[in-house]
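S.K.: First the structure, then my questions, so here it is.
The values are calculated or read from the model by the stated rules, or taken from the named source; none is laboratory data. Quantities reported herein were computed from a predicted structural model and do not represent experimental measurements. These accessible areas exclude ligands, DNA and RNA; they are computed on the full protein's heavy atoms, side chains included. Shrake-Rupley method; radii C 1.70, N 1.55, O 1.52, S 1.80 Å.
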Amino acid sequence: MATSSSSHTASEEIEPIVAAAIRGDARSREWLITRYRYFIRRAVLDFRNGPSSRHRDDTMDLEQEIAIAVLENLSEYEWQGRKAFHAWLRKIAKGELIDRYRYQHAQKRNIAMDTGTHALQSHKKQGAGLETQADVQERFAALHQLLDQLPAAQA
C-alpha cells in the first residue's frame, strides 16, 4: 500500500494510511494490523515471559484481542507521528494484557475457593496435625498445577 520514496519519511508514508483507517477504510485497517503485528506479538511475548505470567491463552488469541482493541480504539486516535503511533499501539496492547492478567488471577482466586482452600483452613481450625495439613496443602498445590496446564476452554 505504501511505497518507499527517498523524499518521504516513514512517518509521512504511514500517516495517510492511519488517516484512512481512522475513517474506516478496510484495506488501510488491514494493512495497519498486518504491518504492526510484530509490535503486538512482541508485547504478548514480553508479557507472557514476565515473572508473574502463567497464561493459559494461546499467543495468537491474545494477539487477536489486541488487534481488535486497536481497531476499536482507532477512531479516537489523533496522528502525532510514527513514534507516537508506536507508543499508542504499545499502550493499547499493555492495557489489554493487564486486563487479561487481572481476569485470570481473579479466576484463579475463585478456583482456589471452589477447590477447597477453605478445607485447608478448616483442617487447621479443627486442630489437624501438621502432617495432615502438609498433605492437604500438597494435594492443593498439585491440583493448581494441573489446572494451570488446562486450556482456557477446559479450565
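S.K.: So how much slack lies between R82 and R48, counting 0.36 nm per residue of separation and subtracting their Cα-Cα distance, in nm? Before the final figure, lay out the partial values.
M.R.: Numbers: separation 34, 0.36 × 34 = 12.24 nm, distance 2.61 nm.
Going from the current span to full extension adds 9.6 nm.
S.K.: Please report how far the C-alpha centroid of the stretch 11-37 lies from that of the stretch 67-105, rounded to the nearest whole angstrom.
M.R.: Here the two parts' Cα centres lie 15 Å apart.
S.K.: How would T34, T59 rank on accessible area, largest to smallest, probe 1.4 Å? Walk me through the numbers on the way to the answer.
M.R.: Values: T34 95, T59 35 Å².
Of T34, T59, the descending order of accessible area is T34, T59.
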